[in-house]
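K.L.:
Handing you a structure now.
Bear in mind these aren't lab numbers, they're just calculated from the coordinates by the rules spelled out. In this text, all values refer to a predicted model and were calculated from it rather than measured experimentally. Don't worry about glycine lacking a Cβ; one is built from the backbone with ideal geometry, like all the others, and counts go over all protein chains shown.
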Number of protein chains: 2
Amino acid sequence: MTQATAFPTDHVAPAEALRFPDPLRPVEPARGRTAAEEARALVQVNTVATLATLSEDGTPWASLVTYGALADGSPVILVSTLAEHGRNLTREHRGSISVAQAEIIGDPLDSGRVTLAGVWREARDDEERAAGQAAIETASPAAAMYGRFGDFTLWILDVERVRWVGGFGRMDSATPESYAAAAPDPVAPSAAFAIRHLNADHADALLDIARALAGYTDATAATCSRADRYGIDLTVATPRGTAYTRAGFAQACTTPDGLRAATVELTKRARA
Amino acid sequence: MTQATAFPTDHVAPAEALRFPDPLRPVEPARGRTAAEEARALVQVNTVATLATLSEDGTPWASLVTYGALADGSPVILVSTLAEHGRNLTREHRGSISVAQAEIIGDPLDSGRVTLAGVWREARDDEERAAGQAAIETASPAAAMYGRFGDFTLWILDVERVRWVGGFGRMDSATPESYAAAAPDPVAPSAAFAIRHLNADHADALLDIARALAGYTDATAATCSRADRYGIDLTVATPRGTAYTRAGFAQACTTPDGLRAATVELTKRARA
């Protein structure tokens, strides 16, 4: 689902703008995260988001918030009625929140973001309120103080729609059920570091992987653009143009430090 | 206006949560950027923002965009009707865009962001369309390609409301007229680097400035939290608690590299 090979073909665009070189040797598509897993990973690793609420004059209002998440990925925010978004939420509970990849490499439009839309509500009971307060304090320690202010309200989003965009040609919707069921990615917090490390110190390994495992036998260079529990995305230079592909791990990572062993295995397989 | 000394006092909060130590020696408040100038500087240095549009079912929809700005600071975006925000804009032109400080140091809620709200419209003529297209390509080179796609529309925001939040206790609205008239800050693009440099290599100078120029004669340490054409904001450790203050330059910076000379002058004045 998240195999990144081309722009969506439904753009009203000249065909040559959307053409990328195919692998010279056919390969099995590598497993990627589902849209629900991609969305969950973005919500998992970030703490800052933008809220869209409806202002009194009917204008959709974009504003920055810090957020946490309940165990099922439902976003939690703590906002003041002194702020426009806080007053808006009191009046109109429908809204959405956009979470974007914090560390952007290259074109921002080729980076990950997700919109979660639905209905904001207050906590159902003391247990949920405590879980929500703990979630927001993980993201924003100062929330421990705001949480005591009388003008602040803890809101939880009942997610109804999930729209993920992972970059060029990578986008999909997820059902609220699949989003709630999606497990966080254990390697998501370390992925940005791993990508920098692979590109800085292991360009030769990435090139071998692109040639041997992704079928780009004419590759002249390869960089890692994304990494997750299932594999790595590669940007591959070839004499035929730039290609976008993916190499899958033999086994999905299950621990936070799993990317190291998984990429070592991938390199060994490429060189076998 | 942007002198940062305390939380707004209208929070429904225990008074002790909002109390900060005063300077021991009275000082003149240092000039800061106006809310309009703060807003303009945020729009000037960033290229990624979040849009709020109205979805067909009445839900305010938050989504990531890249943007440019016309000479008067009006945001320009280029969006596809294949995307929900593009379809939303075609139907409902009222909306807003939130621009947040890219490099966040410390608590995200203590960082800068601005919401510009108003009515999106297409370019009035070829000249404005060319200016808009050039602005968006500065922010996002790939827009040169998207601009040719038939499903993309260039939208310009006629700004009606400007709400700036600069961090804790720093927030204000600006009129659309003052926003359009506000000049970009020549040192805004280099401020993040200057702040890192001052904190890494000139802690002694910052401490002298806090003691001699900001009136915190009992300061034990000081770090720079913000820098602009008019001065620097300082976070000051004292035996009486943490204080937030500002030191103003003798003359406003007028060139992109102006912060170096201005902070050297500030240090000399503190040590005179």
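K.L.:
Considering only the other residues whose Cβ falls under 11 Å of the Cβ of residue A:181, what net charge follows from Lys and Arg at +1 and Asp and Glu at -1? Don't skip to the answer; put the middle values down first.
P.N.:
On the way: positive: A:40; negative: A:37, A:72, A:177.
Here the count lands on -2.
K.L.:
Do any GluC sites (Glu not before Pro) in the range B:37-78 lie in a loop, going by DSSP, with at most 14 other beta-carbon atoms within 10 Å of their beta carbon, and if so which?
P.N.:
Values: sites: B:37, B:38, B:56; in loops: B:56.
Of the GluC sites (Glu not before Pro), the ones in loops of the range B:37-78 whose Cβ has at most 14 other Cβ atoms within 10 Å are B:56.
K.L.:
Run the numbers on chain B and let me know its relative contact order in percent, using alpha-carbon pairs under 8 Å that are six or more apart.
P.N.:
Numbers: 580 pairs, mean separation 58.3, N = 272.
The normalised contact order for chain B reaches 21 percent.
K.L.:
Among B:43, B:27, B:108, which residue has its Cα furthest toward the positive end of the charge dipole of the protein assembly as shown, with +1 on Lys/Arg Cβ and -1 on Asp/Glu Cβ?
P.N.:
Result: B:27, furthest along the dipole toward the positive end.
K.L.:
If you don't mind, another one. Which net charge results for the neighbourhood of residue A:114, defined as the other residues with beta-carbon distances under 10 angstrom from its beta-carbon, given Lys and Arg at +1 and Asp and Glu at -1? Don't skip to the answer; put the middle values down first.
P.N.:
On the way: positive: A:40, A:113, A:163; negative: A:38.
Once positives and negatives cancel, what remains is +2.
K.L.:
Mind checking the full-extension length gain between residue A:57 and residue A:177? Use 0.36 nm per residue of separation minus the Cα-Cα distance, one decimal, nm.
P.N.:
39.8 nm
K.L.:
Okay, next question. Count the net charge of all other residues whose Cβ sits under 14 Å from the Cβ of residue A:47, scoring Lys and Arg as +1 and Asp and Glu as -1. If you can, show how the numbers build up before the last one.
P.N.:
Working: positive: none; negative: A:103, A:137, B:107, B:110.
With Lys, Arg at +1 and Asp, Glu at -1, the neighbours total -4.
K.L.:
So, one more: What's the magnitude of the charge dipole for the protein assembly as shown around its Cα centre, counting Lys and Arg as +1 and Asp and Glu as -1 at the beta-carbon? Answer in Debye, nearest 20. Mind showing how you got there, number by number?
P.N.:
Details: 52 positive and 68 negative charges, 199 e Å.
Charge dipole, the protein assembly as shown, about its Cα centre: 960 debye, nearest 20.
K.L.:
Let me ask something additional. Per residue of A:44-57, how many C-beta atoms from partner chains lie within 10 Å of its own C-beta, taken as a mean? Before the final figure, lay out the partial values.
P.N.:
Values: counts 0, 0, 1, 3, 6, 3, 13, 5, 15, 4, 5, 7, 0, 4.
Mean partner-chain Cβ count within 10 Å for A:44-57: 5.
K.L.:
Under 8 Å for C-alpha pairs, at least 6 residues apart: give me the relative contact order for the range A:31-104, rounded to a whole percent. Display every interim value, and only then the final one.
P.N.:
On the way: 98 pairs, mean separation 26.2, N = 74.
Relative contact order for the range A:31-104 comes out at 35 percent.
K.L.:
How big is the dipole moment of the range B:36-181 about its Cα centre under a simple scheme where the beta carbon of each Lys and Arg is +1, that of each Asp and Glu is -1, and everything else is neutral? Debye, nearest 20, please. Numbers along the way, then the final one.
P.N.:
On the way: 12 positive and 21 negative charges, 31 e Å.
For this selection, approximately 140 debye.
K.L.:
Let me have the 222 nm mean residue ellipticity of chain B computed from DSSP H runs of 4+ only, each contributing -39500 (n - 2.57), with the sum over all residues rounded to the nearest 500.
P.N.:
Working: 8 runs with 81 residues, N = 272.
Using -39500 (n - 2.57) per qualifying helix, the result is -9000 deg cm²/dmol.
K.L.:
While we're here: For label points placed 7 Å from Cα toward Cβ, what is the shortest-first list of nm distances from residue A:199 to its copies?
P.N.:
Nearest first, the other copies' label points are 2.4 nm away.
K.L.:
Measuring nothing but label to label, 7 Å from Cα along Cα→Cβ, what are residue B:122's distances to the other copies in nm, shortest first?
P.N.:
Copy-to-copy label distances at residue B:122, shortest first: 4.7 nm.
K.L.:
Given H placed on each backbone N at 1.01 Å, which residues far from residue A:229 in sequence or on other chains put an amide H within less than 5 Å of it?
P.N.:
Here the answer is A:187, since their amide H atoms fall under 5 Å of that of residue A:229.
K.L.:
Run the label-point distances for residue A:271 please: 7 Å along Cα to Cβ, every other copy, nanometres, shortest first.
P.N.:
5.3
K.L.:
Taking 8 Å as the Cα distance limit and 6 or more residues as the minimum spacing, I'd like the relative contact order of the range A:36-181 as a percentage. Intermediate results must be reported in sequence, preceding the final value.
P.N.:
Values: 311 pairs, mean separation 43.0, N = 146.
Relative contact order here is 29 percent.
K.L.:
A further question on this structure: Amide H to amide H, which residues 5 or more places from residue A:221 or on other chains are under 5 Å from it, using H placed in the peptide plane?
P.N.:
A:237
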